[in-house]
Every structure is written in structure tokens, then in C-alpha cells.
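Reading through the C-alpha cells given below for one structure.
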Amino acid sequence: MIKKDFIKKISYQTGLNDGIVKLIIERFLREIRAALSRQERIEIRNFGVFYIKNTKAKKGRNMKTGETIDIPERQKIVFKPTKIFHMENKQ
């Protein structure tokens with residue numbers, strides 16, 4: 001499912017104009033990106049949590065040449081879903 005599909009579905013379910021729904025979704029996503037860029041934790045009840053996790057530096061291997069390379073530490077975005085997702089999958 002892509003963003004366009006979400007817009008159409010929400011527009012149909014709410015009776016709102018596609019343009020308004022698109023604007024709301026775009027602003028919502030912009031706020032999530034901005035909060036993550038500020039290293040903020042985002043908790044959406046009954047959905048999940050987005051947060052920044054630091055990874056340690058490590059050794060890696062170039063699969064083509066077999067050469068050992070250094071992989072620097074970095075930050076990545078992690079999403080941890082709530083338990084409600086686990087309950088839905090069991091039914």
C-alpha cells in the first residue's frame with residue numbers, strides 16, 4: 001500500500017476531499033520526520049514507538065573482494081510496534 005492508497009481510503013471513509021486528506025497526511029509525516037531529526041522519541045498509542053538507536057562501529061567484509069572493512073558507528077530509526085499487532089496476527 002502506498003501513500004496515494006491511504007489518501008483514497010481515508011478520503012472515502014471520512015467523506016473529506018482528497019486534497020485535504022493529502023495535506024493532513026503530509027503534515028503528519030513532516031512532523032514525524034522533524035521530531036526524529038531532533039532525536040525525539042515518538043509514541044503513538046495502540047500503534048508503536050519510533051526512536052533513534054545508535055549502532056556500534058564494527059568490522060565488515062566486502063563480499064566481492066573478501067577485504068575487511070571498518071563500518072563506522074551510526075544512528076538508525078527503529079520502530080517497535082505495540083502488542084496489539086501481535087494479538088491481531090493470532091486471530
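Key figures for this structure:
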{"quantity": "Hits in segment 10-26 - residues which are surrounded by 10 or more Cβ atoms within 10 Å (Cβ to Cβ) and either closer than 26 Å to Phe85 by Cβ or basic (Lys, Arg) (or both)", "calculated": "Ile10, Ser11, Tyr12, Thr14, Val21, Lys22, Ile24, Ile25, Glu26"}
{"quantity": "Those residues of segment 21-49 which are farther than 22 Å from Ile7 by Cα and either of a type in the set (Asp, Glu) or in a strand (DSSP E or B) (or both), in sequence order", "calculated": "Glu40, Ile42, Glu43, Val49"}
{"quantity": "Test: residue in segment 73-89 that is assigned to a helix (DSSP H, G or I) and aromatic (Phe, Trp, Tyr)", "calculated": "yes"}
{"quantity": "Segment 70-88, residues that are more than 14 Å from Phe50 (Cβ to Cβ), in contact with a strand residue (DSSP E or B) (Cβ under 7 Å, 6 or more places away or on another chain) and exposed (fewer than 10 other Cβ atoms within 10 Å of the Cβ)", "calculated": "Asp70, Glu73"}
{"quantity": "Selection count where residues are free of Cβ contacts under 8 Å to residues at least 12 places away in the same chain and touching an Asp or Glu at 6+ places or on another chain (Cβ under 6 Å), scope segment 18-68", "calculated": "0"}
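Quick note: the coordinates plus some simple rules give every number you see, no bench work behind them. Just so we're clear, the structure is a prediction, and the values are computed from it rather than from any experiment. Here Cβ is always computed from backbone atoms with ideal geometry, including for glycine, and neighbour counts include all displayed protein chains.
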